[in-house]
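Worksheet: one structure, shown below.
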Amino acid sequence: MDESKRVKDIMLPLSDYAVVSETATLEDALLALEQSQAKLEAGRHPHRAVLVRDGSGTIIGKLGHLAFLKALIPDPEDWRDDEVLTRAGVSDDMLAASAVNLSFFSAEAFDAGRRAHYVRVADVSVPAETAIDEDASLMDAAQAFIERQTLSLLVCRRGTSEATVGILRLSDLFDELVRQIKNQGADPRNGA
């Protein structure tokens, strides 16, 4: 990997990413995601998450596609209390049948749009804890992705109370790696 390139050279600045307040709703987050996608430069991968900022401006969480789905589509198992039903004498067969009936009912009656309007991102986001310094090498970034098994890293600037200045996505690092491999192969000094 090109050792002269740094994380800050390929990261997305926070201003180019979807960021919402911790008091925002899922609907607000979806709109922010859509707006930030529209501003992406050609050739960049679409965003797969929204960052969540607290009242002091610190990035505290992340809400990815899977978290959106979990928040918008409740688990029917959460709607019933098997322990109470068992104490009331309801058989296992009846519990299983009621689960099937409840899933049919919930699929028809559930309104994800209404839920998106009132669920707050702070209640469903995951903590944003994985970060890397903006001056780290791309090799360090690759190692961080491998060790942490994540799709993105917050990018921090030292000397500013480690303020978040951007996000490095695995897709951007991978694209840069591919670009470097292609350029290396086209270089006549490499015997190609």
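The values are calculated or read from the model by the stated rules, or taken from the named source; none is laboratory data. As the structure is a computational prediction, the values presented were derived from the model and not from experiment. Heads up, the Cβs are rebuilt from the backbone with ideal geometry, glycines too, and the neighbour counts pull from every protein chain shown. With ligands, DNA and RNA removed, areas are computed over all heavy atoms of the protein, side chains included. Shrake-Rupley method; radii C 1.70, N 1.55, O 1.52, S 1.80 Å.
Please state which of the following conditions residue 150 fails to meet, knowing it meets all the rest: (1) polar (S, T, N, Q); (2) open to solvent by less than 30 Å² (accessible area, probe 1.4 Å); (3) modelled with pLDDT of 85 or more; (4) farther than 28 Å from residue 53 by Cβ.
All conditions are met except number (4).
May I ask you to say which residue of 70, 8 is open to solvent by 50 Å² or more (accessible area, probe 1.4 Å), part of a helix (DSSP H, G or I) and at pLDDT 90 or above?
Details: 70 fails: at pLDDT 90 or above.
Answer to the check: 8.
Is there any pair with a first residue in region 20-32 that is modelled with pLDDT under 95 and a second that is open to solvent by less than 70 Å² (accessible area, probe 1.4 Å) and among the basic types (Lys, Arg) whose Cβ atoms are under 9 Å apart and which are 6 or more apart or on different chains, and what are they?
Qualifying pairs under 9 Å: 26/115.
Residues checked against (1) open to solvent by less than 10 Å² (accessible area, probe 1.4 Å); (2) more than 22 Å from residue 19 (Cβ to Cβ):
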{"position": "124", "(1), (2)": "no, no"}
{"position": "131", "(1), (2)": "no, no"}
{"position": "138", "(1), (2)": "yes, yes"}
{"position": "142", "(1), (2)": "no, yes"}
{"position": "170", "(1), (2)": "no, no"}
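With 44, 6 as the choices, which residue is within 20 Å of residue 130 (Cβ to Cβ) and either over 16 Å from the mean Cα position of the chain (by Cα) or not β-branched (Val, Ile, Thr) (or both)? Can you show your working first?
On the way: 44 fails: within 20 Å of residue 130 (Cβ to Cβ).
Criteria check complete, one pass: 6.
Does region 31-56 hold any residues that are open to solvent by 70 Å² or more (accessible area, probe 1.4 Å) and among the hydrophobic types (A, V, I, L, M, F, W, C), and which are they?
The answer is 31, 38, 42.
Six or more apart or on different chains, Cβ atoms under 6 Å: show the pairs whose first residue is in region 42-62 and under 15 Å from residue 28 (Cα atoms) and assigned to a strand (DSSP E or B) and whose second is modelled with pLDDT of 90 or more and open to solvent by 60 Å² or more (accessible area, probe 1.4 Å).
52/60
Taking only region 158-168 into account, find how many residues are open to solvent by 90 Å² or more (accessible area, probe 1.4 Å) and more than 30 Å from residue 25 (Cβ to Cβ). Before you say what the answer is, go through the steps one by one.
Narrowing region 158-168 to residues open to solvent by 90 Å² or more (accessible area, probe 1.4 Å): 158, 161-162.
Adding the requirement that they be more than 30 Å from residue 25 (Cβ to Cβ) leaves 158.
So the count comes out to 1.
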